[in-house]
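Reading through the structure tokens given below for one structure.
The values are calculated or read from the model by the stated rules, or taken from the named source; none is laboratory data. All of these numbers come straight from a predicted model, not from anything done at the bench. Positions of Cβ are generated from backbone atoms using ideal geometry, with glycine treated the same way; all protein chains shown enter the neighbour counts. In case anyone asks, the SASA skips ligands and DNA or RNA and just uses the protein heavy atoms, side chains included. Shrake-Rupley method; radii C 1.70, N 1.55, O 1.52, S 1.80 Å.
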Amino acid sequence: MTHSTSIPSTSDLTGKSALVTGASRGIGLGIATELARRGASVVITSRKPEPLAAAADEIRAAVPDAKVTACPGNTGDETHRSEAVAATVELGGAIDILVNNTGINPLFGPLMDADLGAFRKIFDTNVVAGLGFIQEAFRAGMSQRGGAVVNIASVAGLRSSGVIAAYGASKAAMIRLTSELAWELGKNNIRVNAIAPAIVRTRFAKDLIAGENEARAIKGYPLGRLGETEDIARAAAFLVSDESAWITGQTLAVDGGLLSTGTM
């Protein structure tokens, strides 16, 4: 018996138009590439124009017929959010998919030592800006057409880490926001879900897996390895596809079994 390697029709995103934030590298770039591979037109954002342009070229190299546009800007800027959503509508005729991936983590260690300005910045970037993008997508036609939103959270939003406490608190807020929006936007046929990755091998996680930390971290994963960007990308593609048409308000832990262990 032969097995087809083609993507099932329910995973086919041809004709869909997607916006992926924080997509110049790492998880965001992986998700944007996967969505393009499945036929979606994709707009990618990040703060720095040069790395973002390079990311767009990387997507085109991986998916030669990809429709991809780079839209650089600061996720905290309302004008940028509006422009990115408008670019998505211009590229694909609508905005059907939004992936909120932008996230920062400038604080490590005890919250009693945390700079409150940096703490606010984490929430502004990781939570408030994500809601701002959803509002813009809603106003740009998702309210009438329906659509799918995926918020990239973290296992640190589901269980205390003691190391990245401020980041974890912001991701817990994003998880709660996901649930609230699923309830509010269901009547508009907008599905809102979240993905909570554990450590994924990206530059963002470099401080967590530097040196001997990597081997120590791997020991906590029942599947015996850290995550790769493709692990998160495939989960995101599932959540925005018709394969998950009756799934909303959920947070999918893509964590190699970490949360099953009782430790972080």
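Just a few scattered comments:
- Positive-end extreme of charge dipole, the chain - chosen from TRP246, VAL42, THR263 (charges on Cβ): THR263
- The residues of the chain present an accessible area of 48 Å² per residue when probed at 1.4 Å with all protein chains retained.
- Dividing the radius of gyration of the alpha carbons in the stretch 131-264 by their Kirkwood radius gives 1.02 for Rg/Rh.
- Near THR251, the amide H atoms lying under 5 Å from its own belong to ALA194; only residues 5 or more places off or on other chains count, and H is placed 1.01 Å from N.
- Helix 26-37 axis, angle to the chain major axis (alpha carbon atoms, nearest 10°): 20 degrees
- When exposed loop sites are taken as trypsin sites (Lys or Arg not before Pro) in a DSSP loop with at most 13 other Cβ atoms within 10 Å, the longest stretch of the chain clear of them is 1-205.
- For a label point 7 Å along the Cα-to-beta-carbon line of ALA86, residues of the stretch 117-143 with backbone N under 15 Å: 136-137, 139-141
- For the chain, lysine pairs with C-alpha atoms less than 27 angstrom apart, excluding pairs fewer than eight positions apart on the same chain, total 13.
- Charge dipole (Cα centre; +1 on Lys/Arg Cβ, -1 on Asp/Glu Cβ; no other charges) of the chain amounts to roughly 240 debye.
- At 0.692 mPa s and 37 °C, Stokes diffusion of the chain via Kirkwood alpha-carbon radius, µm² per second: 177 µm²/s
- Between ALA215 and ASP242, the simple label model (points 7 Å from Cα in the Cβ direction) yields a spacing of 5.0 nm.
- Relative contact order (percent, whole number), the chain, Cα cutoff 8 Å, 6+ residue spacing: 19 percent
- Separation in nanometres of the label points that stand 7 Å from Cα toward Cβ, at PHE108 and ALA54: 2.3 nm
- Residue-averaged [θ]222 nm for the chain, counting only DSSP H segments that reach four residues, each worth -39500 (n - 2.57): -11500 deg cm²/dmol
- Antiparallel bridges, percent of DSSP beta bridges restricted to the chain (to nearest 5): 0 percent
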